[in-house]
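Peer 1: Before I ask anything, here is the structure I am working with.
The values are calculated or read from the model by the stated rules, or taken from the named source; none is laboratory data. What you see is a predicted model; the values in this text were computed from it and never measured. All Cβ positions, glycine included, derive from the backbone under ideal geometry; neighbour counts span all protein chains shown. For the accessible areas, the whole protein counts, side chains as well, though only heavy atoms, and no ligand, DNA or RNA atoms are used. Shrake-Rupley method; radii C 1.70, N 1.55, O 1.52, S 1.80 Å.
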Amino acid sequence: GTGTDNDLYINQAVVFIEDAIQYRSINHRVDSKSLWLYRWYYSRTCQWILSLTITIILALAFIEKPSSLTVTSDVRYRLPAWNPPCGLTESIELLCFLVFVVDVSVKSYLIGWEEFWKNKWLMAYILTLIVSLTDWVVSLSFLCAEDVRIRRILRPFFLLQNSSMMKKTLKSINSTLPEMASVVLLLAVHLSLFTMFAMLLFARTKDGQQDKEWVGYFRNLPESLTSLLVLLTTANNPDVMIPAYSKNRAYSIFFILFTVLGNLFLMNLLTAIIYNQFRGYLLKSVQSSLFRRRLGIRAAFEVLSSLKETPANAQQSYVSVGALLQVLQKVEMDCRCKQAITRSLKMCSCDQLSATQFQKLFEELDKDAIKQHPPSPEYQSNFMQKMQFAFGHAYFGYLGNVVALANIISICVVLVMDADKQPSERDDFFLGAINCFFILYYLLEMLLKILALGLKRYLSYPSNRFDGLLTVILLVLEIATFAVYGFPHPGWRPEFMGLLSLWDMVRLVNMLIVFRFLRIIPNMKFMALVVTTLLDLVKNLRAFAGILVVVFYAFAITGIMLFKGAVVPLGNIRFFYFFLFQTSFYIKIVVVYFKEKCDFMACFGDFQAEVIYCLLYLLFVNLICRWAKIYFVVWWLISSVIWVNLFVALLLENFIHKWDRRCHREPLSDIEYQRTVELMFRDVLEEPTEEELMEKLHQHPHLQLCR
């Protein structure tokens, strides 16, 4: 072909490989101008601007009326919040909408009209923008005085549609809902039956003194249903059964049966179903991602094979090594993968690559990310070599852990001895002396390790970086303490000599020494397995966390619109203290209840108060209006019943995967493996066949293949 065609094929291959790296669909326009626009849209700058815009529009809820810019959320004590003038936040919002309009326009153009009508997310994107802009115009026409702003509830959609992993996770959750609904329905039947039994068991009697259970929990159907629903969460256990149990021990059988059937059987059955179904759908989603990667690589091979005509007698296409090297120079990808592929190409003895060889080269993208630590310095002196061996040995690290344990024990002893003493009676000489001793040891340990390992190797370990930073902070604070208060001596009480916060900082940083024991984790195989599972889960939890933010945000905005203005700081106030027992600890909630209104102080006043207080606690409080209970029950179903079980499912999958692999690969001291969600299922994924790939390529709406 001509030089122009060759440049087009090269650019097409570059884009297809980048699509494969990011698991993107290749069904987009592939002409020269569209490819330039496509790469510009997915550049770091454009994606950073889009992410910043999403963050800004979500953060507007904190400063919009009612503003969260107050120290306290209690309406009785807080000063009038600063509310932005009409048009300020609306102007920022309009700029964000304009960015989203450009975003959806570029996306729609790049995929073409045929694909646009198949893409439900893009159509929903446009509909959300139309509704939001219409609501924005209505807001300005009312001079920002309207109470209901529909566009605020729709804002989380912009976060949701921008993440392909979040969309896949949401699709998996949506596919799991029918199976979850069957167990939730069984829970509802269980709850309804026991509610009827409770109303019959604890019916009102002639003796009012014996009706404490009826008065407190089972006065009517809604209250009975609420009491047992809260018991299903164990939040009001054992409070709900105390009046009946005090009257007759046999009543405990009812509550035991309800708890065993509901919590031990049905809730765990729900967890099992969600794990089984969600794992299957998540596996299908990851399988789809693998297919996209293989399809992108194969598309790059097909367009590169057009650079040079295949001999007439050849049964298959080939790609020259030089053409691939030219493509790799333009592709934005991880340096490790690019270097590995380039190294393999240079070691290759052939000048042409078949489709199988081409695909095999890019399997480097599927491998674990490996981080190797720099080598230790090589000393010529025999004495220095012995020093390096001694202080670079694992036993020297164990000694540091023992010293840290001694430091913690000594601090605990001092705290226990001084717990009952008045500040004027305390003598901080002992605490100051041991601080000085241990900090000097930590400094010596850090310097000796740097000597043995070298600075680069020392800093390559996260535990060493933490220890070094902690040692430097302790040393600086200790020197500042001595400069201000002098050296420790009997009767030394620096808190009475000014700069109280400085001395408190020294004692506070001492508590961070506890984290030095995290270094023992790699030496204990099972503990290391558990901890690496949790760390990998946190790294790959962005999609789940994003959807959780969407749910929190939507419920927070809905709560503000439903309950805004209901709390009045004046009135007849009573305080109720509820001790909620759940997961082995008590939470004390102070609820402010109004006789004439069934609302709560410090809640639904602004966005931050809504998120912090109401969504976490008010579900377990039974002093709420009848219709408001529906709001909290729906929140409980989504956050606790569904979302927590989905989290457990992902945790189990990650742990089981690592447990099965523990015998196949022993961790080495100089190598760290980093895994992603896609790599989690790598062993059970099926490779797509060549026929499937070619059939999909021939269905590409904008790419015409020669064969």
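Peer 1: Select from region 214-226 the residues that are part of a helix (DSSP H, G or I), over 15 Å from Ala628 (Cα atoms) and under 42 Å from the mean Cα position of the chain (by Cα) and list them in ascending order. Before you say what the answer is, go through the steps one by one.
Peer 2: To start, the set of residues in region 214-226 that are part of a helix (DSSP H, G or I) comprises 214-216, 221-226.
Still in the running and over 15 Å from Ala628 (Cα atoms): 214-216, 221, 224.
Residues satisfying the conditions are Gly216, Leu221, Ser224.
Peer 1: Take region 56-69 and flag every residue that is within 27 Å of the chain's Cα centre (by Cα) and open to solvent by 60 Å² or more (accessible area, probe 1.4 Å). If you could, list the steps in order and put the result at the bottom.
Peer 2: To start, the set of residues in region 56-69 that are within 27 Å of the chain's Cα centre (by Cα) comprises 56-64, 67-69.
The answer is Ile56, Phe62, Leu69.
Peer 1: If you don't mind, another one. Pairs, please: C-beta under 6 Å, at least 6 apart or cross-chain, first residue in the same structural domain as Gln339 (by the TED database) and of a type in the set (A, V, I, L, M, F, W, C) and in region 316-327, second surrounded by fewer than 20 Cβ atoms within 10 Å (Cβ to Cβ) and at pLDDT below 85?
Peer 2: So the pair list comes out as Val321/Leu345; Val321/Asp351; Ala323/Leu307.
Peer 1: Looking at this structure, is Cys350 among the hydrophobic types (A, V, I, L, M, F, W, C) and within 39 Å of the chain's Cα centre (by Cα)?
Peer 2: Values: among the hydrophobic types (A, V, I, L, M, F, W, C): yes; within 39 Å of the chain's Cα centre (by Cα): no.
Judged against the criteria, Cys350 is not a match.
Peer 1: Right, here's the next one. Look at region 28-46 and say how many of its residues are of a type in the set (S, T, N, Q) and more than 30 Å from the chain's Cα centre (by Cα).
Peer 2: Here is the first cut: in region 28-46, the residues of a type in the set (S, T, N, Q) are 32, 34, 43, 45.
Imposing the further condition that a residue be more than 30 Å from the chain's Cα centre (by Cα) reduces the set to 32, 34.
The number of residues fulfilling the criteria is 2.
Peer 1: Quick one: what pairs do we get from region 181-202, first residue assigned by the TED database to the domain that holds Phe255 and surrounded by fewer than 18 Cβ atoms within 10 Å (Cβ to Cβ), second part of a helix (DSSP H, G or I) and among the β-branched types (Val, Ile, Thr), C-beta under 9 Å, 6+ apart or different chains?
Peer 2: Every condition considered, the pairs that remain are Ser182/Ile273; Val184/Val641; Val184/Ile642.
Peer 1: Out of Thr53, Thr72, Thr89, I need the residue that is open to solvent by 30 Å² or more (accessible area, probe 1.4 Å) and either of a type in the set (S, T, N, Q) or within 20 Å of Leu160 (Cα to Cα) (or both). Which one? Explain how you work it out, then say what you get.
Peer 2: Values: Thr53 fails: open to solvent by 30 Å² or more (accessible area, probe 1.4 Å); Thr89 fails: open to solvent by 30 Å² or more (accessible area, probe 1.4 Å).
Matching residue, one of Thr53, Thr72, Thr89: Thr72.
Peer 1: Separate question: Can you find a residue in region 228-247 that is under 24 Å from Ile630 (Cα atoms), of a type in the set (Ser, Thr, Tyr) and not in a loop (DSSP other than H, G, I, E, B)?
Peer 2: No: zero hits.
Peer 1: Let me ask another. For Leu37, work out the one condition from (1) among the aliphatic types (A, V, I, L, M); (2) open to solvent by less than 20 Å² (accessible area, probe 1.4 Å); (3) in contact (Cβ under 8 Å) with a residue 40 or more places away in the chain it doesn't fulfil.
Peer 2: Tallying (1) among the aliphatic types (A, V, I, L, M); (2) open to solvent by less than 20 Å² (accessible area, probe 1.4 Å); (3) in contact (Cβ under 8 Å) with a residue 40 or more places away in the chain, Leu37 fails exactly one: (2).
Peer 1: If the requirement is being under 24 Å from Lys564 (Cα atoms) and among the aliphatic types (A, V, I, L, M), which of these qualifies: Leu88, Leu110?
Peer 2: Values: Leu110 fails: under 24 Å from Lys564 (Cα atoms).
Result: Leu88 is the single residue among Leu88, Leu110 that is under 24 Å from Lys564 (Cα atoms) and among the aliphatic types (A, V, I, L, M).
Peer 1: When you go through (1) open to solvent by less than 50 Å² (accessible area, probe 1.4 Å); (2) touching a residue at least 24 places away in the same chain (Cβ under 8 Å) one by one for Leu221, which number turns out not to apply?
Peer 2: (1)
Quick grid of which residues meet (1) modelled with pLDDT of 90 or more; (2) crowded, with 18+ Cβ neighbours inside 10 Å:
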position	(1), (2)
Leu122	yes, no
Tyr125	yes, yes
Ile130	yes, no
Leu143	no, no
Arg149	no, yes
Phe158	yes, yes
Ser172	no, yes
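Peer 1: How many of the residues in region 370-412 are closer than 21 Å to Ser460 by Cβ and outside any helix (DSSP H, G or I)?
Peer 2: Residues that pass the stated criteria total 12.
Peer 1: Can you tell me which condition Tyr398 does not meet? The list is (1) under 34 Å from the mean Cα position of the chain (by Cα); (2) over 30 Å from Tyr441 (Cα atoms); (3) among the aromatic types (Phe, Trp, Tyr), and all the others hold.
Peer 2: (2)
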